[in-house]
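Asks: Below you will find the structure I want to go over with you.
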Amino acid sequence: MSETDAVGPLPGHTTKNWAVIGGEGWRIVEPDESVVFFSFGPDSKVQLELAIIHDIGTGSSELLSRAGLPKLLMMPPNHPGKMAQFGINTGPCHARSLGWAKSFTRKLSDDAKAAKDEEVISASSIVWSLLTYCMPVPITEHIEKVLAEEGLPRAASANVPPGTTFTIKWVSRDPENPLPDLTFKYERGPPEVYLSRVYSIPVLYHICLPLDRHSHFDKNYAKWALILMVKCEVADSCTMPDGGASFVDVNLKVIVRQATGTGIAFQPDHMHGTTKAHGATSWSISHVFSQRVVDMIRDASDAVHRE
């Protein structure tokens, strides 16, 4: 299906897997629902707006949730929880510089850093493969197209050079018979990755209007960004039956209940955020495509050509 194919239910109607944007109030996507939201443009052609796919890679949650987070440098801006940036970035706001993000808070050997970075590259590449397999084709085709146009490298770090393969190290239950490392000859994921744990960007509501300053939008060179909630647990003491940290697209008035294996393709230029965690513990891996990264690459390329 392409974004311009006039398919789906009539305006104002929904089916199990399709929903038309519009109408009064907020739409809540429950943990057992997979829904693609769309709108109709001026020419009555379909425009994809948001995709939520549940039960993606749920058998891999332990592998993916532990990758990278324990030892990576955490960046908790003014929000609850922890976030780590991995791959290519442009440095802190006060000192912009293009390069590979610093990944660790403590001194480790070069081999230990490379091994941990390999874990993150493997986990993020698996997430990329799962999401591109499950999401609507127009979304993934668009992302691949802009990645190719910008000529960006695939996932790498200061300790692991760019490449096309990734390695998974299996933990053997029998130390006397260790399992061999497996190298997958598939393309790595994109170069800009965020890993988060118990992280939320609260959005508050009053008469269905977002009032909290933490809701935000991002400037991306791709129309879409991708998130996979690789693991989600709700504490027994939680006062809310489904926990919190639900994803919110303010523009579309959609709330997505989080659950293990929830994949979301959203438009980062929409105002978005989360509800408060309320006892939910979640791990997620996100693929983003920051405009400032390609802007700095283009500026550097222009400077070289002028010399």
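The values are calculated or read from the model by the stated rules, or taken from the named source; none is laboratory data. Note that the coordinates shown come from a computational prediction; the quantities given were computed from them, not determined experimentally. Methodologically, a virtual Cβ is constructed for each residue, glycine included, from the backbone with ideal geometry; neighbour enumeration extends over all protein chains shown.
Asks: So which of 94, 142 ends up being modelled with pLDDT under 85 and out of contact with any Gly (no Cβ under 9 Å at 6 or more places or on another chain)?
Replies: 94
Asks: Identify, by number, the condition in (1) in contact with a Leu (Cβ under 6 Å, 6 or more places away or on another chain); (2) small (Gly, Ala, Ser); (3) closer than 17 Å to residue 194 by Cβ; (4) modelled with pLDDT of 70 or more that residue 87 doesn't meet.
Replies: Every listed condition holds for residue 87 apart from (1).
Asks: If the Cβ limit is 6 Å and pairs must be 6+ apart or interchain, which residue in the range 223-250 that is on the phi > 0 side of the Ramachandran plot pairs with which residue that is at pLDDT below 75 and buried (at least 20 other Cβ atoms within 10 Å of the Cβ)?
Replies: Here the result reads 243/234; 243/280; 245/200; 245/277; 245/280, each pair linking the range 223-250 to a residue that is at pLDDT below 75 and buried (at least 20 other Cβ atoms within 10 Å of the Cβ).
Asks: May I pose another question? Only residues that are β-branched (Val, Ile, Thr) and either under 23 Å from residue 122 (Cα atoms) or at pLDDT below 90 (or both): list them for the range 256-290, please.
Replies: Across the range 256-290, the qualifying residues are 260, 262, 264, 274, 275, 281, 285, 288.
Asks: Can you list residue pairs whose Cβ atoms sit under 6 Å apart, with the first residue in the range 97-114 being closer than 14 Å to residue 161 by Cβ and modelled with pLDDT of 80 or more and the second being among the polar types (S, T, N, Q) and not in a strand (DSSP E or B)? Count only pairs 6 or more apart in sequence or on different chains.
Replies: 100/157; 113/159; 114/159
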